[in-house]
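Heads up: the structure comes next, in structure tokens.
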Amino acid sequence: MNHQQLFKTIKKKRSFLCVGLDSETDKIPASVKGRDRVFEFNRRIIDSTHKFAVAYKPNVAFYECEGASGWHTLEKTVAYIKENHPGIFVIADAKRGVIGNTSKMYAKAFLENMPFDAVTVAPYMGEDSVTPFLSYKDKWVVLLALTSNKGAIDFQYHNEDGIKLFERVLSVSRNWGNTDNLMYVVGATRAEMLKDIRKLVPDHFLLVPGVGAQGGSLEEVARYGMNTSCGLLVNSSRNIIFADNTENFDKVAGEKAHEIQLEMEKYLTERNLV
């Protein structure tokens, strides 16, 4: 899926919602039974939200912590999305990025052996740690730029000669790929920074976590971050998938996703993008 195809999906669904499948076993409602409760939970969440979502983002940590069974669940989840909703963009939230040969194996794991469309990558080790992920046609790197966690201030805002570290990440890395294979993570709780970020990467897609449970404002993200092809995938995880813990959790998740989609439709309409 390239940039234009992703924008086409956004226009069709009138949404730029990414649903995070951070499926913590302890938070899954007791009504979900079976040998693979996590997959059954994911399946019901997907079935109830796919009309309103353009992307899903399984957080790999919540699967790999369970060992082989967790990887099997992850594979089943991605396969289920691809088989039943093939137009939806699927991101492996894995935050990989080490020396070249190791990155090559991580890239193979997520972009070849599993049918993910994209994988999140940390840029700390530089270009050669990212390049292997960019070698796959019609696949994407989602590079960490400015995160929403408290510790982001420890390094990302370090200022040298008037340039913050996250700004240097953007200005240097934008030459590693292009707008069809490289997007950036920018936290919603730093929404006011999107105006300056857009000066550096005006045409790239941005994956924006932090809306909802973490307190980020969707209105501010749209105001500062939207470009002429929307250019945003806004992620919501807990606010949707764990909105209810009864046997009707999937119905409530669908309602929450619809609420967000309707707000997104408003911002897209205001920009004449739908």
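Which value, in Å³ per residue, describes the convex hull spanned by the Cα atoms of segment 24-143?
109 Å³
With a 1.4 Å probe and all protein chains left in place, how much of the accessible area of segment 1-95 comes from carbon and sulfur atoms, in whole percent?
49 percent
Would you please give the residues with an amide H less than 5 Å from that of Val185, counting only those at least 5 places away or on a separate chain, with H modeled from the backbone geometry?
Residues meeting the amide H criterion: Leu143, Leu144, Ala145, Leu146, Leu207.
In segment 1-134, with Lys and Arg counted as +1 and Asp and Glu as -1 at Cβ, which of these residues, Ala94, Leu6, Thr131, has the Cα nearest the positive end of the dipole, that is, farthest along it?
Highest projection toward the positive end goes to Leu6.
If you rank Glu247, Glu66 by how much accessible surface each has, with a 1.4 Å probe, what is the order from largest down?
The most accessible residue leads, giving Glu247, Glu66.
Per DSSP H run of at least 4 residues, take -39500 (n - 2.57); add these up for the chain, divide by its residues and hand me the 222 nm value, nearest 500 deg cm²/dmol.
-12000 deg cm²/dmol
Leaving out ligands, DNA and RNA, and with a 1.4 Å probe, what % of the accessible surface on segment 142-274 is carbon or sulfur?
Heavy-atom surface of segment 142-274 belonging to carbon and sulfur, 1.4 Å probe: 46 percent.
Of Cys18, Cys65, which has the most accessible area with a 1.4 Å probe, and how do the rest follow in descending order?
Largest accessible area first, the list is Cys65, Cys18.
Could you do me a favour and compute the accessible area per residue for segment 1-70, 1.4 Å probe, result in Å²?
Per residue, segment 1-70 has an accessible area of 44 Å².
With both bridge residues required to lie in the chain, what share of the DSSP beta bridges run antiparallel, to the nearest 5%?
Roughly 10 percent of the beta bridges in the chain run antiparallel, per DSSP.
Enter the accessible area of Thr9 (Å², nearest 10), with the probe set to 1.4 Å and all protein chains included.
The value for Thr9 is about 20 Å².
Any idea what the dipole of the chain comes to, in debye rounded to 20, about its Cα centre with Lys/Arg Cβ at +1 and Asp/Glu Cβ at -1?
So the dipole magnitude of the chain works out to roughly 500 debye.
Could you work out the relative contact order of the chain, using alpha carbon pairs under 8 angstrom and six or more residues apart, expressed as a whole percent?
23 percent
Taking a probe of 1.4 Å, how large is the accessible area per residue of segment 188-274, in Å²?
The answer is 43 Å² per residue.
Express the accessible area of segment 73-131 per residue in Å², computed with a 1.4 Å probe while the remaining protein chains stay in the model.
Normalised by residue count, the accessible surface of segment 73-131 is 43 Å².
Would you list His158, His204 from the most to the least accessible area, probe 1.4 Å?
In descending accessible area the options line up as His158, His204.
The values are calculated or read from the model by the stated rules, or taken from the named source; none is laboratory data. Owing to the predicted nature of the structure, the values given are computational and were not obtained by experimental measurement. Glycine gets a Cβ as well: all are built from the backbone with ideal geometry, and neighbour counts include every protein chain shown. Side chains are part of the model used for accessible areas, which takes the heavy atoms of the whole protein and leaves out ligands, DNA and RNA. Shrake-Rupley method; radii C 1.70, N 1.55, O 1.52, S 1.80 Å.
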